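S.K.: Sending over a structure as structure tokens; questions will come in a sec.
The values are calculated or read from the model by the stated rules, or taken from the named source; none is laboratory data. Just so we're clear, the structure is a prediction, and the values are computed from it rather than from any experiment. As a convention, Cβ positions derive from the backbone with ideal geometry for all residues, glycine included, and neighbour counts pool all protein chains shown.
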Amino acid sequence: MRDLTAVKDALKKHQIELPSWAFGNSGTRFKVFGQPGVPRNACEKADDAAQVHKYTGVAPSMAVHIPWDRVDDYQALAAHARAGGIRIGAVNANVFQDDDYKLGSICNPDPKVRKKALAHLLECVDIMDATGSGDLKLWFADGTNYPGQDDIVARQDRLAEALAAVYARLGDGQRMLLEYKLFEPSFYTTDVPDWGTALAHCQALGDKAQVVVDTGHHAPGVNIEFIVAMLLKVGKLGGFDFNSRFYADDDLMVGAADPFQFFRIMHEVVKAAALYPGQRSGITARSAAAHTGPGVAFMLDQCHNIEPKIPAQIRSVMNVQEGIAKALLVDIDALAAAQLDGDVLGANAVLMDAYNTDVRPLLAGLREEMGLAPDPVKAYLASGYGEKIIAERVGGTSAGWGA
Ligand code: LRH
Ligand code: MN
């Protein structure tokens, strides 16, 4: 069994990035159920994100999405976030909601539309310069709905051309994270549909281009931890968009639908010493060596369509911590021995022992060591912050996806 001091030390060093859009209204094509007290702007979203960090201690940054979080002064936004005890993290570009992008953005057959989309991507790097963000996160809705609608290879050439232009604009300490997704909103081809396509483009670009694994972006039954293991092996796992799903891109709370899958994914991350930059106590020197630089960005990408948003984000952070704690409890020496002995049941049992360990007391103790309440959700609900924002945030337009 691992020594618990090392386990708690790793949990204290691990950081989770929150999505600004999780604090705004969201829904499905059928309905967006507005909630009282929802933020009206990026600063209020940062205030809510700061609450999650206040009660969990491990969520010190908030990703922004442009234009959903567009402000006149991004340095002021970054300063506001810092005053609340967090920082602005990844900048997410959005070239999927403008009428011009019906047939795609950077993959669109029309060079004028591609030029417009590229200008937005470059604007997002300018915003990173202002907020001090290191990550440009790129997800493209680009694709086709019918066979023959457009040429698959021609679209890939357009994609590569635009990504190269963005890559050339990146400054020191900046990188681009390319996110793939199997389908939706496109239903025949998606131009970045899977990890292979994302990896091929990132390898063609260079070290500053890495892949984002959104856990809701795969076909049912795909072994996501295998993809994670391979991307870590080649040093191309830039980040995660954590959420969970029963069917498609449901964007439910991470670990809610399939906590065992989340554990298996984090087992690969722990084994590769990729929990936080500079983690060295992994299994193999090779995997540890591959992880120089900013390391893997552990981001949430969720929508709380019916549940209260701040408690849901706190619960999500707790779910991530539970999965990581169980992965850190894997007896890696016993596992390696059983694997090398071909002891199938023995090896599986080592992993299941860790997974079936109740880590909630360990995490409650960890929070007390960090000067936090053992139950962050209970502590937040008792704070009255939820009632305060409902009373204060009257008037104005509640934030949302603006779709
Ligand atoms: C696309 C996606 C992407 C974001 C959006 C909010 O489905 O996962 O990461 O831009 O959700
Ligand atoms: Mn995502």
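S.K.: Is it the case that residue 186 is of a type outside the set (Lys, Arg), surrounded by fewer than 23 Cβ atoms within 10 Å (Cβ to Cβ), more than 24 Å from residue 121 (Cβ to Cβ) and within 16 Å of ligand 2 (Cβ to nearest atom)? Talk me through it step by step, then tell me what you get.
M.R.: Values: of a type outside the set (Lys, Arg): yes; surrounded by fewer than 23 Cβ atoms within 10 Å (Cβ to Cβ): yes; more than 24 Å from residue 121 (Cβ to Cβ): no; within 16 Å of ligand 2 (Cβ to nearest atom): yes.
In short, no.
S.K.: Are any residues in region 1-33 outside any strand (DSSP E or B) and either aromatic (Phe, Trp, Tyr) or touching a strand residue (DSSP E or B) at 6+ places or on another chain (Cβ under 9 Å) (or both), and if so, which ones?
M.R.: Applying the first criterion (outside any strand (DSSP E or B)) to region 1-33 yields 1-16, 20-26, 28-31, 33.
If the condition is that a residue be outside any strand (DSSP E or B) and either aromatic (Phe, Trp, Tyr) or touching a strand residue (DSSP E or B) at 6+ places or on another chain (Cβ under 9 Å) (or both), then 14, 15, 16, 20, 21, 22, 23, 25, 26, 30, 33 are the ones that fit.
S.K.: Tell me, which residue of region 1-45 that is touching a His at 6+ places or on another chain (Cβ under 7 Å) and not small (Gly, Ala, Ser) is farthest from residue 337 (Cα to Cα)?
M.R.: Checking each candidate, the answer is 43.
S.K.: Could we say that residue 164 is modelled with pLDDT of 95 or more and farther than 26 Å from residue 230 by Cα here? Even if it seems obvious, please write down each step before you answer.
M.R.: Details: modelled with pLDDT of 95 or more: yes; farther than 26 Å from residue 230 by Cα: no.
In short, no.
S.K.: Pick from region 164-179 the residues that are under 21 Å from residue 197 (Cβ atoms) and touching a helix residue (DSSP H, G or I) at 6+ places or on another chain (Cβ under 7 Å): which of them is nearest to ligand 1 (Cβ to nearest atom)?
M.R.: 178
S.K.: Here's something else I'd like to know. Pairs, please: C-beta under 6 Å, at least 6 apart or cross-chain, first residue assigned to a helix (DSSP H, G or I) and in region 39-50, second β-branched (Val, Ile, Thr)?
M.R.: 42/71; 48/310; 49/86; 50/86
S.K.: Go through (1) more than 15 Å from ligand 2 (Cβ to nearest atom); (2) in a loop (DSSP other than H, G, I, E, B); (3) surrounded by fewer than 16 Cβ atoms within 10 Å (Cβ to Cβ) for residue 226 and report which single condition fails.
M.R.: (2)
S.K.: Of 172, 157, 150, which residue is under 30 Å from residue 223 (Cα atoms) and either more than 16 Å from ligand 2 (Cβ to nearest atom) or in a helix (DSSP H, G or I) (or both)? Spell out how you get there, then give the answer.
M.R.: On the way: 172 fails: under 30 Å from residue 223 (Cα atoms); 150 fails: under 30 Å from residue 223 (Cα atoms).
Step by step, each of 172, 157, 150 is checked, and only 157 is under 30 Å from residue 223 (Cα atoms) and either more than 16 Å from ligand 2 (Cβ to nearest atom) or in a helix (DSSP H, G or I) (or both).
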